[in-house]
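Undergrad: Mind having a look at this structure? Questions to follow.
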Amino acid sequence: VTGASRGIGKGIAVELGAAGATVYFTGRSTEPDPQRPGTLAATAEEIRAQGGRAVAIRCDHHVDAEVAEVFARIEKDEGRLDLLVNNATAELSAMIGRPFWELPLGLWDDVIGVGLRSHYVASHHAARLMVPRRRGLVVNISSHGSREYLMGVVYGVGKAGVEKLTKDAAKELRPAGVGLVSLWPGLAKRENR
């Protein structure tokens, strides 16, 4: 599960652990931050409390080499990957309520580079583990913001890209017995600040 130190990614990782899975998960947050609650260690603790096996890996999904290392470790440790949940995203609060022309241009790189591009990069690595076994599932976390206005222009473009990535990659993976779907979880409560 990418981006699992808080929010939806954390919830998915914890529930996978509760179901008995060995959960490898990524995030950047290793130190507590009162402005952004949640750390890799806290997610690991919750997974273990639910009876799951947790493997926390610090990873910046802007850095392809770090992502490659995550998948190399999974292959080395487990010899396979059954499920990838692509959830990593950039901080989005800066765009809410502001028109695109008032936002810094770098926000595009953060949202598209982490949200959309990291889904592609992680799926690329996952497919290399899943296709030879002719099994596996990739889940891209998306939203209805892909089809209607939600939070801002950059968010909508990123989620529309996730939907196109999902559809086209699923078509290419289907003959190899690997599934790829998008999931729209809707509104979710955030950790308390």
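The values are calculated or read from the model by the stated rules, or taken from the named source; none is laboratory data. In this text, all values refer to a predicted model and were calculated from it rather than measured experimentally. Glycine also receives a Cβ, built like all others from the backbone with ideal geometry; neighbour counts cover every protein chain displayed. Side chains are part of the model used for accessible areas, which takes the heavy atoms of the whole protein and leaves out ligands, DNA and RNA. Shrake-Rupley method; radii C 1.70, N 1.55, O 1.52, S 1.80 Å.
Undergrad: Would you tally the residues in segment 110-131 being within 13 Å of the chain's Cα centre (by Cα) and open to solvent by less than 20 Å² (accessible area, probe 1.4 Å)?
TA: 10
Undergrad: Going by the structure shown, is Ala127 within 19 Å of Ala90 (Cβ to Cβ), of a type in the set (A, V, I, L, M) and part of a helix (DSSP H, G or I)? Working first, answer last.
TA: Details: within 19 Å of Ala90 (Cβ to Cβ): no; of a type in the set (A, V, I, L, M): yes; part of a helix (DSSP H, G or I): yes.
Taking the combined requirement at face value, the residue does not satisfy it.
Undergrad: List the residue pairs whose Cβ atoms are under 6 Å apart, where the first residue sits in segment 25-51 and is farther than 13 Å from Thr2 by Cα, the second is open to solvent by 60 Å² or more (accessible area, probe 1.4 Å) and modelled with pLDDT of 90 or more, and the two are 6 or more positions apart or on different chains.
TA: These pairs meet every condition: Thr30/Arg58.
Undergrad: Can you find even one residue in segment 166-185 that is charged (D, E, K, R), under 13 Å from the mean Cα position of the chain (by Cα) and either under 20 Å from Glu91 (Cα atoms) or modelled with pLDDT of 95 or more (or both)? Spell out the reasoning first.
TA: Here is the first cut: in segment 166-185, the ones charged (D, E, K, R) are 167-168, 171-172, 174.
Keeping just the survivors that are under 13 Å from the mean Cα position of the chain (by Cα) gives none.
Within segment 166-185, not a single residue is charged (D, E, K, R), under 13 Å from the mean Cα position of the chain (by Cα) and either under 20 Å from Glu91 (Cα atoms) or modelled with pLDDT of 95 or more (or both).
Undergrad: Restricted to segment 1-20, and to residues that are assigned to a loop (DSSP other than H, G, I, E, B) and either among the acidic types (Asp, Glu) or touching a helix residue (DSSP H, G or I) at 6+ places or on another chain (Cβ under 9 Å) (or both), which residue is surrounded by the most Cβ atoms within 10 Å (Cβ to Cβ)?
TA: Let us first name the residues in segment 1-20 that are assigned to a loop (DSSP other than H, G, I, E, B), namely 1-6, 19-20.
The next check asks that each one be either among the acidic types (Asp, Glu) or touching a helix residue (DSSP H, G or I) at 6+ places or on another chain (Cβ under 9 Å) (or both); those that pass are 1-6.
On the way: Val1: 29, Thr2: 26, Gly3: 28, Ala4: 31, Ser5: 25, Arg6: 20.
Among those that are assigned to a loop (DSSP other than H, G, I, E, B) and either among the acidic types (Asp, Glu) or touching a helix residue (DSSP H, G or I) at 6+ places or on another chain (Cβ under 9 Å) (or both), it is Ala4.
Undergrad: Only residues that are in contact with a Leu (Cβ under 9 Å, 6 or more places away or on another chain) and either of a type in the set (Phe, Trp, Tyr) or open to solvent by 40 Å² or more (accessible area, probe 1.4 Å) (or both): list them for segment 80-99, please.
TA: Arg80, Asp82, Leu83, Ala94
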